[in-house]
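Peer 1: I'd like to ask some things about the structure below.
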Amino acid sequence: MKKMKVSGQPVADFKEYAGVYLPAQKNTMLRPMEIVAGKDRLFRYLSSEPDPKNRTLDLQFVTGNIFFYTDGSQRSIEFILNDKEEVTGCVLRRWDGQFTLTKK
């Protein structure tokens, strides 16, 4: 994985990232995920995750609109912003591919 320089602040306010994200393709094993905003961080929440300890995962801000999972899985989420800098979706990158999700 490519190393990235960490910058100070995300492009948007944390609460702007919060919401439910749905897989863009219907024929996928991906499930809807929720991004929850804390005071100074984001969390990925999957209500359908069978293992309770994996339902909520901390996301570490890296740069711009990119966040890494903090579980050592080398997964990342890059949020998609429109011209008005509103969050409209995200790209989930993980070992088995790159997946686009749309914000509900």
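What follows draws every value from the coordinates through simple rules; no lab data is involved. Predicted model, so just to flag it, every value in this text is computed and none were measured. Virtual Cβ from ideal backbone geometry, glycine too; neighbours counted across all protein chains shown.
Peer 1: Among the residues of the stretch 17-53, what is the count of those that are over 12 Å from the mean Cα position of the chain (by Cα) and under 13 Å from PHE79 (Cα atoms)?
Peer 2: 0
Peer 1: Right, here's the next one. Of all residues in the stretch 86-104, which are in contact with a helix residue (DSSP H, G or I) (Cβ under 8 Å, 6 or more places away or on another chain) and among the charged types (D, E, K, R)?
Peer 2: GLU86
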